[in-house]
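A.B. asks: Encoded as structure tokens, here's the structure I'll be asking about.
The values are calculated or read from the model by the stated rules, or taken from the named source; none is laboratory data. Being a predicted model, the structure only gives us computed values, none of them experimental. Positions of Cβ are backbone-derived with ideal geometry, glycine not excepted, and every protein chain shown enters the neighbour counts.
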Amino acid sequence: MKISAKRFILIDDDPINNIFSLMVLKKSLGDNEIMVFKHPEMGLDYIEAEFCFKNRVEETILFLDINMPTMTGWEFLEKFETFPNSVKNQFKIYMLSSTVDLLDIERAKSNRLVVGFLEKPLKKILLTEMFGKATND
């Protein structure tokens, strides 16, 4: 199933993974808005500032790392849950992790805010299957 998203947010504390993910997203999906946050708190602040007062037409895809030092992905989701439904409904959240912990994978699958679990690193073939091919290829 293809999702028509034009906006992507990546929240991950790993700068190397962020560079790689940004390159793969741009190569796979073309000219879309891609925001990257190394600190999950800054991502929450951005969402609150940008989405609480604007109802966007396109869905925003959020790729969220699980293990981060200042706030885990699970703690992020707890804070995200406090946003109004009008904000939460604008997002599709994918946990993005290199974890092999089956409990984390199951926890992601059972969380009602999370639509999927993706293994790091992001892969072009997976992104094009999910979101369509870049128009500038």
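A.B. asks: Out of the residues in region 31-51 that are closer than 19 Å to residue 132 by Cα and exposed (fewer than 15 other Cβ atoms within 10 Å of the Cβ), state the one that is modelled with the lowest pLDDT.
C.D. replies: Looking at the filtered set, the residue picked out is 31.
A.B. asks: Looking at 108, 134, which is the one that is hydrophobic (A, V, I, L, M, F, W, C) and either modelled with pLDDT under 90 or on the phi > 0 side of the Ramachandran plot (or both)?
C.D. replies: Values: 108 fails: either modelled with pLDDT under 90 or on the phi > 0 side of the Ramachandran plot (or both).
Result: 134 is the single residue among 108, 134 that is hydrophobic (A, V, I, L, M, F, W, C) and either modelled with pLDDT under 90 or on the phi > 0 side of the Ramachandran plot (or both).
A.B. asks: Specify which of the listed residues (54, 27) is under 15 Å from residue 130 (Cβ atoms), loosely packed, with under 15 Cβ neighbours inside 10 Å and not aromatic (Phe, Trp, Tyr).
C.D. replies: Of 54, 27, the one residue that is under 15 Å from residue 130 (Cβ atoms), loosely packed, with under 15 Cβ neighbours inside 10 Å and not aromatic (Phe, Trp, Tyr) is 27.
A.B. asks: Within region 114-126, take every residue that is more than 12 Å from residue 63 (Cα to Cα) and among the aliphatic types (A, V, I, L, M) and give me the one that is nearest to the chain's Cα centre (by Cα). Steps first, answer last, please.
C.D. replies: Step one: list which residues in region 114-126 are more than 12 Å from residue 63 (Cα to Cα), which gives 123-126.
Now narrow it down to the ones that are among the aliphatic types (A, V, I, L, M): 125-126.
Working: 125: 17, 126: 14 Å.
It comes out as 126.
A.B. asks: Sticking with this structure for a sec: Look through region 1-24, keep the residues that are part of a helix (DSSP H, G or I) and among the β-branched types (Val, Ile, Thr), and return whichever of them is surrounded by the most Cβ atoms within 10 Å (Cβ to Cβ). Even if it seems obvious, please write down each step before you answer.
C.D. replies: Step one: filter region 1-24 for residues part of a helix (DSSP H, G or I), giving 15-24.
Subset that is among the β-branched types (Val, Ile, Thr): 16, 19, 24.
Values: 16: 9, 19: 11, 24: 16.
Among those that are part of a helix (DSSP H, G or I) and among the β-branched types (Val, Ile, Thr), it is 24.
A.B. asks: Hey, another quick one. What pairs come out if I take residues in region 23-48 that are within 23 Å of residue 84 (Cα to Cα) and pair them with residues that are among the polar types (S, T, N, Q) and surrounded by fewer than 17 Cβ atoms within 10 Å (Cβ to Cβ) whose C-beta lies under 9 Å away, six or more apart or interchain?
C.D. replies: Short answer, once both residue conditions are applied: 39/70; 40/70; 40/72; 41/70.
A.B. asks: Here is a further query. Being without any contact (Cβ under 8 Å) to a residue 12 or more places away in the chain and either crowded, with 17+ Cβ neighbours inside 10 Å or out of contact with any strand residue (DSSP E or B) (no Cβ under 7 Å at 6 or more places or on another chain) (or both) is the filter here; which residues of region 103-123 pass it? Walk me through how you get there before you give the answer.
C.D. replies: Going residue by residue through region 103-123, those that are without any contact (Cβ under 8 Å) to a residue 12 or more places away in the chain are 103, 106, 109-110, 112.
Those that are without any contact (Cβ under 8 Å) to a residue 12 or more places away in the chain and either crowded, with 17+ Cβ neighbours inside 10 Å or out of contact with any strand residue (DSSP E or B) (no Cβ under 7 Å at 6 or more places or on another chain) (or both): 103, 106, 110, 112.
A.B. asks: Inside region 57-97, can you point out the residues that are loosely packed, with under 15 Cβ neighbours inside 10 Å and in contact (Cβ under 8 Å) with a residue 40 or more places away in the chain?
C.D. replies: So in region 57-97, the residues loosely packed, with under 15 Cβ neighbours inside 10 Å come out as 57-58, 69-70, 75, 78, 81-82, 84-86, 89.
Matches in region 57-97: 58, 69, 70.
A.B. asks: Of the numbered conditions (1) at pLDDT below 95; (2) over 17 Å from residue 10 (Cβ atoms); (3) surrounded by 14 or more Cβ atoms within 10 Å (Cβ to Cβ), residue 100 satisfies every one except a single condition; which is it?
C.D. replies: (3)
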